[in-house]
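Asks: Have a look at this one.
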Amino acid sequence: MKIIEVIADTSSAGTISAIAEKHKAYDFRLGFAGEDGRQTMRLLVRDDKVQTVLDTLQAILGSQPYARVLVIPLEVSLPQPPEDERAKEDSATAAREKLYEEMEKSVQLDLNFFVLVVLSTIVASIGLIESNVAVVIGAMVIAPLLGPNLALGFSTAIGDISLMRKSLRTNIAGIGFALAFSIAIGVFLPFDYASKELMSRTVVGLDSVVLALASGAAAAMSLATGLSSVLVGVMVAVALLPPAVTAGLMLGQGQFDLATGAALLLAVNMVCVNLATKVVFFVKGVRPRRWWEKEKAKRAMMIYLLVWLVTLIILVIIIYVRRTLVR
């Protein structure tokens with residue numbers, strides 16, 4: 001349940017009251033009307049109705065440049081709504097605007113991002129070389145590369161070209177920086193590349209594809225439904241950084257075949273996360289607000305789904321060929 005507070009011209013009060021009634025808001029209140037001709041209005045709305053109400057309000061208030069719409073979360077509301085309504089709220093998709101804000105933060109290519117990449121690369125390198133599972137998991141949880149990949153799927157769902165470009169830029173920069181830094185570690189730090197944790201990241205099979213698809217879907221679901229606590233488990237399950245670091249370390253040691261295996265695992269994880277994310281956002285109804293943007297986003301979604309699906313098929317063929325040659 002959310003409070004949607006609207007600050008708009010007093011002339012809009014009747015229209016917003018009608019919106020509250022149409023979408024069965026629990027409550028609608030008119031606040032104080034200021035000398036500037038604007039008035040505060042509050043709607044108490046069920047979570048599964050929030051996105052629809054926001055879209056309607058934006059369409060109506062678009063001609064008022066000083067109008068504001070605020071979404072205020074509630075910790076507790078008493079008395080509690082009926083059980084069937086609570087069930088609908090629990091399964092509700094988070095507001096598009098909230099998802100956009102989270103995704104935009106994850107693609108910021110700034111000093112903080114590069115520091116996180118460096119730190120997680122160092123942690124992952126130590127954990128992989130020492131075959132310390134706990135340390136490797138620590139690097140997974142830092143997970144600076146997961147956010148940009150989820151943002152790429154989200155940007156496709158809403159047809160936002162700007163966010164898509166930022167996501168691609170941050171992905172390329174993050175992976176490139178992690179590879180370069182881990183190659184340097186591999187060149188200057190002698191180690192036993194037969195470490196169990198290292199070697200496990202150089203082998204990729206069909207089970208890796210299934211795991212990455214399931215984890216990518218879980219990540220998108222956790223974001224769409226607001227269950228952010230699930231993301232920690234997802235970070236561990238579909239880690240992108242350890243295979244990237246493994247590829248860099250192996251390249252630094254001149255082990256090109258093992259580096260290829262790690263790079264293949266990284267590619268599989270990335271493709272599967274993006275593919276699963278796009279499917280989940282599409283199924284959950286994450287769309288742009290305007291109808292013409294919806295049509296454009298739908299076409300873009302179909303194209304990108306096809307591209308990622310074809311890429312995944314190619315990767316599976318490569319996995320099969322590599323395994324056949326090894327035998």
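Asks: Quickly work out the D27-to-A180 label distance, labels modelled 7 Å from Cα along the C-beta direction, and quote it in nm with one decimal.
Replies: Placing both labels 7 Å beyond Cα along the Cβ direction yields 5.6 nm.
Asks: Let me ask something else about it. Starting with the fewest neighbours, write out Y26, Y66 ranked by other beta-carbon atoms found within 10 Å of each beta-carbon. Mind dumping the intermediate values first?
Replies: Numbers: Y26 15, Y66 11.
In order of increasing Cβ crowding within 10 Å: Y66, Y26.
Asks: Working only with C-alpha atoms, what are the Rg and Dmax values of the chain, expressed in angstrom?
Replies: Rg then Dmax for the chain, in Å: 23.6, 81.
Asks: Which order do the peptides 112-118, 147-153 take when ranked by the mean count of other beta-carbon atoms within 10 Å per residue, highest first? Intermediate results must be reported in sequence, preceding the final value.
Replies: Details: 112-118: 15.7, 147-153: 27.3.
Highest-to-lowest ranking by the protection proxy: 147-153, 112-118.
Asks: Determine the relative contact order of the chain: mean sequence separation of Cα pairs under 8 Å and six or more apart, normalised by residue count, in whole percent. List each step's numbers first, then the result.
Replies: Values: 503 pairs, mean separation 57.2, N = 327.
Relative contact order for the chain comes out at 17 percent.
Asks: Describe numerically, in nm with one decimal, the distance between label points set 7 Å from Cα along Cα→Cβ at R299 and at E5.
Replies: About 4.2 nm separates the two model spin labels.
Asks: Need the full-extension length gain, L206 to F256, defined as separation in residues times 0.36 nm minus the C-alpha distance. One decimal, nm.
Replies: Taking 0.36 nm per residue and subtracting the Cα distance, the gain is 15.8 nm.
Asks: At a threshold of 8 angstrom on Cα-Cα distance, excluding pairs fewer than six apart, so keeping six or more, what relative contact order does the range 2-90 reach in percent? Provide the component values of the computation, followed by the final result.
Replies: Details: 118 pairs, mean separation 35.4, N = 89.
Here the relative contact order equals 40 percent.
Asks: Any idea what the relative contact order of the range 110-174 is, in percent, if you count C-alpha pairs under 8 Å spaced at least 6 apart?
Replies: Numbers: 49 pairs, mean separation 17.9, N = 65.
Result for the range 110-174 is 28 percent.
Asks: Round to a whole angstrom and tell me the spacing of the C-alpha centers of the range 298-316 and the range 135-176.
Replies: Value for the Cα centre distance between the two parts: 17 Å.
Asks: Something else now. If I require 30 Å or longer along the helix axis, counting alpha carbons, and a Kyte-Doolittle average no lower than 1.0, what helices from the chain are left? Use full DSSP H segments. Working shown, then result.
Replies: Values: long enough: 161-188 (40 Å, 1.25); 256-283 (40 Å, 1.78); 291-326 (52 Å, 1.09).
Going by DSSP H runs, the hits are 161-188, 256-283, 291-326.
Asks: Same structure, new question: Working out 0.36 nm times the residue gap between L309 and E101, then minus their Cα-Cα distance, what length gain in nm do you get to one decimal? Walk me through the intermediate numbers first.
Replies: On the way: separation 208, 0.36 × 208 = 74.88 nm, distance 2.78 nm.
Using 0.36 nm per residue and subtracting the Cα-Cα distance, I get 72.1 nm.
Asks: Given only helices, namely DSSP H runs of n ≥ 4 each adding -39500 (n - 2.57), what is the per-residue ellipticity at 222 nm of the chain, to the nearest 500 deg cm²/dmol? Write down the numbers at each step before the final one.
Replies: Working: 14 runs with 222 residues, N = 327.
Taken over the chain, the calculation gives -22500 deg cm²/dmol.
Asks: Could you sort the peptides 43-51, 306-314, 67-75 by per-residue average Cβ neighbour count (10 Å cutoff), highest mean leading? Before the final figure, lay out the partial values.
Replies: Values: 43-51: 21.0, 306-314: 14.4, 67-75: 11.9.
Going by the mean number of other Cβ atoms within 10 Å, highest first, we get 43-51, 306-314, 67-75.
Asks: Another question, then. Each label point is 7 Å from the Cα along the Cα-to-Cβ direction; what then is the distance between the points at T15 and I72, in nm?
Replies: Placing both labels 7 Å along Cα→Cβ, they lie 2.3 nm apart.
None of the figures in this text is laboratory data; all of them are computed from the coordinates on show. On a predicted model such as this, the values are computed, not experimentally measured, just so you know. Here Cβ is always computed from backbone atoms with ideal geometry, including for glycine, and neighbour counts include all displayed protein chains.
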